[in-house]
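First up is the structure itself, then whatever we jot down about it.
The values are calculated or read from the model by the stated rules, or taken from the named source; none is laboratory data. These figures come from a predicted structure and were not determined experimentally. No Cβ is skipped: glycine too gets one built from the backbone with ideal geometry, and neighbour counts run over all protein chains shown. With ligands, DNA and RNA removed, areas are computed over all heavy atoms of the protein, side chains included. Shrake-Rupley method; radii C 1.70, N 1.55, O 1.52, S 1.80 Å.
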Amino acid sequence: DDFGGQVDRCLEVLDALAIPVLGEERVEADDVIGTLAVQATEKKMDVLISTGDKDMAQLVSPHVTLINTMNNVFIDEGGVVEKFGVRSDQIIDYLALVGDTSDNIPGVPKCGPKTAVKWLTQYENLQGVMDNAHDVGGKVGAYLRESIEYSLHLSDFQVELHR
C-alpha cells in the first residue's frame, strides 16, 4: 500500500528525466522483463537484466545475462550453475522443489538446495523426479511423493508465465 502511492510520483520523475517506461497494467514487472528478454533472444539480441530476483535465472542464455547491481555480480550460464548447481533451464524445477517464499511456492518439505540439485542431476527435470519418486527413499522421499500433485501444478504455471 505504501508503494502504490509513490508510483505516480516515480513516473513523473522518470518522465521529467526523459527515461522511457514500459509496462502493462496488471502485469508484474518481472513478467514484462521476461517477455522482452525472450523476444530479444529470438532476434539474437544480447540482453542484460538488472535484478537480484532468482526467478530471472531461468532466462539466462547465450544472449541473456543478469547483473545484481547491489553487489555488481554478473550471472551468465556458468554463473547460474555455480550459484544454483543447475542449468538455467532447470531453475523453474529447482524452485518448485526447494520452494520460494517470495512467490508463495512451498516446495517439497525438507528438500533443500543440495537435494534438489541431486534429484535434477539424476533425473534431469521435475517430471523425471516425479516419475522416479518411488525410488527416492527416506523421509524426504515420502514428502516428495506427497507433494507431487502440487509441485507439478506450480511448475506448469511458472512455465506459462515466463516462457
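Which members of the range 111-127 meet the condition of being at pLDDT 95 or above, in a helix (DSSP H, G or I) and either open to solvent by less than 20 Å² (accessible area, probe 1.4 Å) or not polar (S, T, N, Q) (or both)?
P113, K114, A116, V117, K118, W119, L120, Y123 - these are the residues of the range 111-127 that are at pLDDT 95 or above, in a helix (DSSP H, G or I) and either open to solvent by less than 20 Å² (accessible area, probe 1.4 Å) or not polar (S, T, N, Q) (or both).
Which of (1) more than 28 Å from N125 (Cβ to Cβ); (2) surrounded by 12 or more Cβ atoms within 10 Å (Cβ to Cβ) is the odd one out, the single condition A16 does not satisfy?
Answer for A16: the failing condition is (2).
For the range 37-52, check the following and say yes or no: at least one residue is free of Cβ contacts under 8 Å to residues at least 40 places away in the same chain, in contact with a Pro (Cβ under 8 Å, 6 or more places away or on another chain) and surrounded by 15 or more Cβ atoms within 10 Å (Cβ to Cβ).
Checking the range 37-52: not a single residue is free of Cβ contacts under 8 Å to residues at least 40 places away in the same chain, in contact with a Pro (Cβ under 8 Å, 6 or more places away or on another chain) and surrounded by 15 or more Cβ atoms within 10 Å (Cβ to Cβ).
Quick one: in the range 13-43, which of the residues that are touching a His at 6+ places or on another chain (Cβ under 8 Å) and of a type outside the set (A, V, I, L, M, F, W, C) is farthest from H63 (Cα to Cα)?
Checking each candidate, the answer is D31.
Go over the candidates V21, V27 one by one and state the one that is within 21 Å of L95 (Cβ to Cβ), open to solvent by 50 Å² or more (accessible area, probe 1.4 Å) and hydrophobic (A, V, I, L, M, F, W, C).
Answer to the check: V27.
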